[in-house]
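A.B. asks: Quick one: this structure, given as structure tokens, is what I'll be asking you about.
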Amino acid sequence: MTEKELILSRYASVYDRVQSASGAWGGCDVMPVTKTIDSERISYLRDAGVKAIGENRVQEAMEKLEALGDHFDFHIIGRMQTNKAKYVAKFASCVQSLDRLELAQALQKALVKENRQIEAYVEINIGNDPNKAGILKEDAFLFVKDLQVYENLLITGLMTVAPIVEDPEDARGYFRQMRALFDEIKHAPGGEKIRHLSMGMSKDCLVAAQEGATLVRVGSAIFGPRSYPTKEE
């Protein structure tokens, strides 16, 4: 089996299992996470009909734009510094890690300059982990409402990174809380356009799909284990 065939086979397997797991909710999209993955391997996924990829780092996404920009929408899924807004406004279709008004302001200013609109998901710190990014659950309603003044940011979803657990079942409660919050915010002032719930990764994506995710973010289950460069490299 060639590398391309292996990647496509893994993607198809993940996709089929996620669809089965999410049957009660009407289906769930699978977004390949392409951090550290070269453009050639990412490009194989065009044959599977993949339309969007998730990049953690703005600089890395920009480096892949020339090779991939015409074929995939770029979602920024990692925590963003405000000084990167001027770059993201030029090419991204969505920022999934919107976690503070300062970032919303920077993106709005840059998007107006570029005469563009993009989607954004509000990142929720569902585990109340002080070391993680994201809005606390109890602050989510007001935050979503406050974002309505930024007309070039279309708030269409929520995102979370669940606490790391050994057993994916231990994340089920967090995903269930996220689905409940998602359903509540959709019907609250400012939540009319919210339709995406991005949660679950390679290890726990099936549990997330069972609990109502509309999008799971999957990297290693598609591309295989990552080999991270050392500082010397």
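A.B. asks: For a label point 7 Å from the Cα of residue 151 along Cα→C-beta, name the residues of the range 108-141 whose backbone N is under 19 Å from it.
C.D. replies: 108-120
A.B. asks: Going down the list 35/90; 64/193; 35/109; 51/90; 64/132; 84/113, which pairs span over 23 Å between their C-alpha atoms?
C.D. replies: Violating the 23 Å limit, Cα to Cα: 64/193; 35/109; 64/132.
A.B. asks: What accessible area, in Å² to the nearest ten, does a 1.4 Å probe give for residue 194?
C.D. replies: Result for residue 194: roughly 10 Å² accessible.
A.B. asks: Which residue, 65, 206, 98, tops the fluctuation ranking in a GNM of the chain built on C-alpha contacts under 10 Å?
C.D. replies: Between 65, 206, 98, it is 65 that shows the largest mean-square fluctuation.
A.B. asks: Here's another thing I want to ask about it. Put a dot 7 Å past each Cα toward the Cβ at residue 131 and residue 116; how far apart are the dots in nm?
C.D. replies: 3.4
A.B. asks: While we're here: Can you tell me which lysines have their Cα less than 19 Å from the Cα of residue 186? Leave out same-chain residues fewer than eight positions away.
C.D. replies: Qualifying lysines at Cα under 19 Å: 137, 145.
A.B. asks: Over what distance in Å are the Cα centres of the range 35-53 and the range 164-233 separated?
C.D. replies: 20
A.B. asks: Please go through the range 140-219 and write out the GluC sites (Glu not before Pro) that DSSP classes as loop and that have at most 16 other C-beta atoms within 10 Å.
C.D. replies: Those that pass, being in a loop and sparsely packed, are 151, 166, 192.
A.B. asks: Taking the chain as a Gaussian network, where each spring joins two C-alpha atoms under 10 Å apart, which residue of 74, 141, 175 fluctuates the most?
C.D. replies: 141
A.B. asks: Tell me the net charge near residue 218. Cut-off is 10 Å between Cβ atoms, residue 218 excluded, with +1 for each Lys or Arg and -1 for each Asp or Glu.
C.D. replies: Neighbour charge sum, excluding residue 218 itself: +3.
A.B. asks: Return the FRET efficiency for the residue pair residue 183, residue 101: r is the Cβ-Cβ distance, R0 is 25 Å, and the value is rounded to the nearest 0.05.
C.D. replies: Step by step, r from the Cβ atoms, then E = 0.55.
A.B. asks: Among (1) 32, 19, 17; (2) 36, 18, 16; (3) 26, 23, 16, only one was calculated for this model; which label is it, if the read-out is semi-axes √(5λ) of the Cα gyration tensor in Å?
C.D. replies: Matching the structure shown: (3).
A.B. asks: Could you compute how much accessible surface residue 71 exposes when probed at 1.4 Å, giving the result in Å² to the nearest 10?
C.D. replies: 80
A.B. asks: Would you calculate the separation in nanometres between label points at residue 164 and residue 47, each defined as 7 Å from the Cα along the Cα-to-beta-carbon direction?
C.D. replies: 3.4
A.B. asks: Where does each of 198, 220, 39 land when they are ordered by accessible area, with a 1.4 Å probe and the largest first?
C.D. replies: Largest to smallest exposure gives the sequence 220, 39, 198.
A.B. asks: Let me ask you something else. Based on the alpha-carbon gyration tensor of the range 61-167 and its eigenvalue square roots a ≥ b ≥ c, which shape applies: rounded if a/c is under 1.5, prolate if not and a/b is larger than b/c, or oblate?
C.D. replies: oblate
A.B. asks: Let me ask something else. State the percentage of accessible surface on the range 108-233 attributable to carbon and sulfur atoms; use a 1.4 Å probe and exclude ligands, DNA and RNA.
C.D. replies: Taking all protein chains in place, the range 108-233 shows 51 percent carbon and sulfur surface.
The values are calculated or read from the model by the stated rules, or taken from the named source; none is laboratory data. Quick caveat, the model's predicted, so the values are computed rather than measured. For neighbour counting, all protein chains shown are included, and Cβ atoms are generated from backbone atoms with ideal geometry for every residue, glycine included. Note: areas computed on protein heavy atoms with side chains; ligands, DNA, RNA excluded. Shrake-Rupley method; radii C 1.70, N 1.55, O 1.52, S 1.80 Å.
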